[in-house]
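Let me begin by presenting the structure, written as structure tokens, before commenting on it.
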Amino acid sequence: MSKFLLILAAACVFAAQFAVAQTKTGTTIGQFLLIEPSGKIAAMGNAGVAQFDEAMASYYNPAALGHMITSGAQFTHNTWFAGITLEYFTAALRVSETSSLSLSISSLNSGEIAVRTVEQPLGTGEQYTVSDYAIGIGFGQKITDRFSAGVQLSYIQETIWHSNLSVFAFNFGTLYQISDDGIQLGASLSNFGMRGKYNGRDLRLRFDLDPARNGDNSSLPAEILTEEFSLPVVFRVGFGIPVKLGEGNEIHFVVDASHPSDNSESVSFGAEYKFMDAFAIRGGYQHLFQTDSEVGLTLGGGIEWDIARYILHVDYSWNEHEHLGDTQRMTVGMEF
């Protein structure tokens, strides 16, 4: 186990050392898949690969489904910048003492945007929208009393006005807990899947093969062929350390190192102080060492209470963005 911890620490150092490498920002599709949904984990620097105490933990690592001890459902409203919103719903159902199934649905919408052209820069009077959605089905299994593995299959569609693309993707993950209240170790690979390209009537046009020639057909039907692009694959590895401070009081420290296919490596970390078994204060820092990072400080809190046989949660997070404005998430959930 000491060797594993050394490898984990080396991975964090590796991420920092190579953060100065050239990035591929803007070269992948499905960017909405990188918007983390959990109000709780987002407030802790979005370091969630080793967490498993809520249904949305399966976004960061589907192996969390194998460690869950209750069923649950959560919904997040994410106020993104430029009037963009993201809604995310997930439900996890325990099907045995050692396994759970999950369903997740995410939807991004830009709102109406004015159509502008070179000839009409103030707008043509038409409006268009950008909308993306993903539907995922996951399964996590506890293989031993400490180790679990999980997988999720997702269908993803992006739409810009009348053109769209669709692809399938997989998430994989593993999770190991050293002891009941000990260090948690996690690793996951997200958005591994097909390449996709846009198709639709917005790419169809009329074309004049030879504008200098008169008398030929100057309105030939044609279509713009777009290139295929890959999804933003992300490899995460991290750990969590819970520290008991007495009855009903606990501090939970988390650290993640991430290696995305379209950006530089980074380290995220955070902590949660939970007291009276009901209230939580959280903080963290996201994507430290990432080249030209737009994010940083994260803050938030949460409350939970028991009602009959159910546990209700409300979590809030505020996340710093340097140029486009800060973002906020509100998550409500229930365990049963």
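The values are calculated or read from the model by the stated rules, or taken from the named source; none is laboratory data. As the structure is a computational prediction, the values presented were derived from the model and not from experiment. Neighbour counts are summed over all protein chains in view; Cβ atoms, including those assigned to glycine, are modelled from backbone coordinates with ideal geometry.
Of all residues in segment 304-332, those satisfying the criterion of being surrounded by fewer than 13 Cβ atoms within 10 Å (Cβ to Cβ) and closer than 17 Å to Phe275 by Cβ are Trp305, Asp306. Residue under question is Gly30, and the condition is that it be modelled with pLDDT under 95, assigned by TED's automatic domain parsing to the domain that holds Ala134, within 30 Å of Ala114 (Cβ to Cβ) and under 14 Å from the mean Cα position of the chain (by Cα); does it hold? Judged against the criteria, Gly30 is a match.
Whenever a residue of segment 138-152 is under 14 Å from Asn61 (Cβ atoms) and in the same structural domain as Arg94 (by TED's automatic domain parsing), its partners that are of a type in the set (Ser, Thr, Tyr) and not in a strand (DSSP E or B), lying with C-beta atoms within less than 6 angstrom and at least six residues away or across chains, give the pairs Gly138/Ser58; Lys142/Thr98. For segment 264-287, taking the residues that are among the hydrophobic types (A, V, I, L, M, F, W, C) and over 17 Å from the mean Cα position of the chain (by Cα), the one that is surrounded by the most Cβ atoms within 10 Å (Cβ to Cβ) is identified as Ala280. Inside segment 311-325, residues that are touching a residue at least 60 places away in the same chain (Cβ under 8 Å), outside any strand (DSSP E or B) and either of a type outside the set (A, V, I, L, M) or touching a His at 6+ places or on another chain (Cβ under 7 Å) (or both) make up a count of 1. Please verify whether Thr70 is surrounded by 14 or more Cβ atoms within 10 Å (Cβ to Cβ), β-branched (Val, Ile, Thr), modelled with pLDDT of 95 or more and not in a helix (DSSP H, G or I), treating the condition exactly as stated. No.
Residues in segment 52-74: is at least one among the β-branched types (Val, Ile, Thr), assigned by TED's automatic domain parsing to the domain that holds Glu265 and within 15 Å of the chain's Cα centre (by Cα)? Checking segment 52-74: not a single residue is among the β-branched types (Val, Ile, Thr), assigned by TED's automatic domain parsing to the domain that holds Glu265 and within 15 Å of the chain's Cα centre (by Cα). All conditions but one from (1) in contact with a Pro (Cβ under 6 Å, 6 or more places away or on another chain); (2) closer than 21 Å to His321 by Cα; (3) among the aliphatic types (A, V, I, L, M) apply to Met56; the one that does not is (2). Applying a threshold of 9 Å to beta carbon distances and a minimum spacing of six or more residues, or different chains, the list of pairs starting in segment 159-184 at a residue that is closer than 18 Å to Pro232 by Cα and without any contact (Cβ under 8 Å) to a residue 60 or more places away in the chain and ending at one that is surrounded by 17 or more Cβ atoms within 10 Å (Cβ to Cβ) and small (Gly, Ala, Ser) reads Ser166/Gly196; Phe168/Ser154; Phe168/Gly193; Phe170/Ser154; Phe170/Ser190; Phe170/Gly193. Segment 78-144 holds strands (runs of 3 or more DSSP E) entirely within its bounds, and those carrying 3 or more residues that are exposed (fewer than 15 other Cβ atoms within 10 Å of the Cβ) map to 85-96.
Considering segment 234-258, the residues that are surrounded by 17 or more Cβ atoms within 10 Å (Cβ to Cβ) and hydrophobic (A, V, I, L, M, F, W, C) include one that is farthest from Pro62 (Cα to Cα), namely Phe253.
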